[in-house]
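Structure first, then comments.
The values are calculated or read from the model by the stated rules, or taken from the named source; none is laboratory data. Quantities reported herein were computed from a predicted structural model and do not represent experimental measurements. Cβ placement follows ideal geometry from the backbone for every residue including glycine, while neighbour counts extend to all protein chains displayed.
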Amino acid sequence: MAAAKMTGKWKLKSSDKFDEYMKEIGVNIALRKMGNLAKPTLTLNVTDGTFYYKSESTFRTLTLECKIGEEFDETTPDGRKVKTTFSWEGDKLLHVQKWDGKSTKIYRYMDDSGDLINDCEMNAVTCKRIYTKA
């Protein structure tokens, strides 16, 4: 049920502590400035255990397709080479990235108003990004 609710196009509505999060994961100041200016539109789909993700902004378009529960190599928008795994924790889709002895977690889930929430966590820093249906 959670996967069906997440499927579709989403437009960024608000972002709280995104710069602090990017700084914590090691993103340089130039890329952080671009990241803070970007207002991405996401396209999400989860079917038959496969997660499809597309992020489009004026700066770049990124796509990702993977099997839920299987680790794979990912290059992040800021150039980090990470080991990534997606899994379900209840109604939340958990995205874990690991690199150089570090790790970050991104939770994607629906709130009661029907918005898509992305909670990004690294050490003691938590960022919340809210998307509405496009």
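Within the set of pairs 6+ apart or on separate chains, which have a first residue in region 37-53 that is free of Cβ contacts under 8 Å to residues at least 40 places away in the same chain and outside any strand (DSSP E or B), a second that is aromatic (Phe, Trp, Tyr) and surrounded by fewer than 17 Cβ atoms within 10 Å (Cβ to Cβ), and C-beta atoms under 7 Å apart?
From region 37-53, the pairs are Ala38/Phe59.
Do you know which residues across region 64-101 are closer than 21 Å to Lys128 by Cβ, assigned to a strand (DSSP E or B) and among the charged types (D, E, K, R)?
Selection gives Glu89, Lys92.
Restricting to region 46-80, and then to whatever is among the polar types (S, T, N, Q), surrounded by fewer than 16 Cβ atoms within 10 Å (Cβ to Cβ) and closer than 18 Å to Leu12 by Cα, can you tell me which residue is nearest to the chain's Cα centre (by Cα)?
The selected residue is Thr63.
Out of region 24-54, which residues are of a type in the set (Asp, Glu) and at pLDDT 95 or above? Write out each step before concluding.
Within region 24-54, the first condition is being of a type in the set (Asp, Glu), and the residues that meet it are 24, 48.
Once the filter is applied, which keeps residues that are of a type in the set (Asp, Glu) and at pLDDT 95 or above, region 24-54 yields only Glu24.
Applying the selection to region 83-134, what residues are hydrophobic (A, V, I, L, M, F, W, C), closer than 19 Å to Thr43 by Cβ and loosely packed, with under 13 Cβ neighbours inside 10 Å?
Ala134
Exactly one of these conditions fails for Tyr21: (1) in a strand (DSSP E or B); (2) modelled with pLDDT of 95 or more. Give me its number.
Looking at each condition in turn, Tyr21 falls short on (1).
Given the structure, is Ala30 of a type in the set (A, V, I, L, M) and under 15 Å from Leu12 (Cα atoms)?
For Ala30, the condition - of a type in the set (A, V, I, L, M) and under 15 Å from Leu12 (Cα atoms) - is not met.
Checking the condition of a type in the set (D, E, K, R), in a strand (DSSP E or B) and surrounded by fewer than 15 Cβ atoms within 10 Å (Cβ to Cβ), which residue from Lys33, Lys13 passes?
So the residue among Lys33, Lys13 that is of a type in the set (D, E, K, R), in a strand (DSSP E or B) and surrounded by fewer than 15 Cβ atoms within 10 Å (Cβ to Cβ) is Lys13.
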